[in-house]
Amino acid sequence: MNLDLKNRVALVAASSQGIGRATAEAFAAEGCRVAMCARNRKTLEAAAERIRKQCGVEVFAQAFDVSDGASVSCFVAAVVERLGGVDICVTNAGGPPAKGFLATTNEEWERAVEANFLSAVYFAREVIPHMQKKKWGRIITLTSITTKQPIADLVLSNAVRAAVVGLVKSLASEFGKDGILVNNVGPGFTATDRLKELANSRASVSGKSEQGILEGWAAEAPLKRLGEPREVAETIVWLASERASYITGQTVLVDGGLYKGL
């Protein structure tokens, strides 16, 4: 299926590993020019070089923290100068630590809001004017199944990511007239380093092994396995394409059926 994305400029945040990297790779495979960012310069540059070699597309990569609004502004400006604009923006950031409510600190709440909510605000504010000029744009936030179904010991994620959905709904309503579609993708239990960290944290307090925790999560989904980063990435790419041109303001779960609500 032709997704009509060739030569589009796709910006993917937190794309040095995991779902972010898989998403950058998937856009590059469709012929997009790709802008990548992450905090770890070494890992980011290695991921960018791998995509250049595999897909033969232009890749611009810059290391910084997406919770810094000024850095986001500078990055988007550099992307526009280097690649000629921003057609697609995928917001993403590493999830907050696994904790129960009474174990959290004010600093952890502030960090979760900055990284997982305000980063989406910063990116949207910078890219929307460029999309308005073209009367075409896609903003896709990457969150979690926690926007629909809270997960134990992830109170920071449960609370903050729900705010991103409110932002998505608001932006979709305000900027639909400009040809800008705004959606959210919520992965379920997906085989990433982040999931391993969560399993390790859960194992340390439950007495179970890390592998046992991962197998238990896989068993909860009707498909009886963990998701793969590429499966989330392919959903994001589809949402960015003309094949999904009448979808906006929605949350699409990629969770193997884990969410049990209607």
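Values in this text are rule-based calculations from the coordinates and carry no lab data. These numbers were taken from a predicted model, which means no experiment stands behind them. We place every Cβ from the backbone using ideal geometry, glycine too, and count neighbours over all the protein chains shown.
Any chance you could list the semi-axes, whole Å, largest first, of the equivalent ellipsoid that the Cα gyration tensor gives for the chain, using √(5λ)?
So the equivalent ellipsoid measures 29, 19, 19 Å along its semi-axes.
Please check which bits of segment 179-197 a label hung off Gln149 would reach, taking the label as a point 7 Å along Cα-to-C-beta and the cut-off as backbone N under 19 Å.
184-192, 195-196, by backbone N distance to the label point.
Report, to the nearest 10°, how far helix 229-240 tilts away from the longest principal axis of the Cα atoms in the chain, using its own Cα long axis and a range of 0 to 90°.
Rounded to the nearest ten degrees, it is 40.
Test of understanding: in a Gaussian network model of the chain with alpha carbons linked when under 10 Å, which of Ala93, Ala221, Ala70 would top the mean-square fluctuation ranking?
Highest fluctuation among the options: Ala70.
Which whole number in µm²/s is D for segment 100-183 by Stokes-Einstein, with the Kirkwood Rh taken over Cα pairs at 4 °C and 1.567 mPa s?
Taking Rh from Cα pairs, D becomes 94 µm²/s.
Taking the Cα centre of segment 203-258 as origin, work out the dipole magnitude from +1 charges on Lys and Arg Cβ and -1 charges on Asp and Glu Cβ, in debye rounded to 20.
The calculation lands at about 60 debye.
If you put +1 on each Lys and Arg Cβ and -1 on each Asp and Glu Cβ, how big is the dipole of segment 165-262 around its Cα centre, in Debye rounded to 20?
Roughly 220 debye for segment 165-262.
Straight-line reach from Lys135: which lysines have Cα under 27 Å away, leaving out those fewer than 8 places along the same chain?
Lys6, Lys169, Lys177
Limiting things to C-alpha atoms, what are the Rg and the maximum Cα-Cα separation (Dmax) for segment 3-158, in angstroms?
Both quantities, over Cα of segment 3-158: 15.9, 49 Å.
Compute the label zone of Phe64 within segment 26-40: residues whose backbone N is under 18 Å from the point 7 Å along Cα-to-Cβ.
34-40
Hey, what angle do you get for helix 18-29 against the long axis of the chain, alpha-carbon based, 0 to 90 degrees rounded to 10?
30
Using only Cα atoms and rounding to the nearest 10 degrees, what angle (0 to 90) does helix 69-83 make with the longest principal axis of the chain?
Taking the Cα atoms of the chain, the angle to 69-83 is about 40 degrees.
What trypsin sites (Lys or Arg not before Pro) in segment 224-262 are in a loop by DSSP, with at most 15 other Cβ atoms within 10 Å of the Cβ?
Answer in residue order: Lys224, Arg225, Lys260.
In terms of Cα to Cα distance under 23 Å, which lysines are near enough to Lys42, apart from those fewer than 8 places away along the same chain?
Within the straight-line limit of under 23 Å, Lys42 reaches these lysines: Lys53, Lys196.
Choose one answer from Leu223, Leu11, Leu156: the residue with the largest mean-square fluctuation in a GNM of the chain with alpha-carbon springs under 10 Å.
Looking only at Leu223, Leu11, Leu156, the biggest GNM fluctuation is shown by Leu223.
Any chance you could check the Cα centroid distance between segment 176-197 and segment 8-77 for me, in angstrom?
Taking the Cα centre of segment 8-77 as reference, the centre of segment 176-197 is 16 Å away.
On a full-extension model of 0.36 nm per residue, what is the gain between Ser206 and Ala77, subtracting their alpha-carbon distance, rounded to one decimal in nm?
Taking Ser206 through Ala77 to full extension adds about 41.8 nm, to one decimal.
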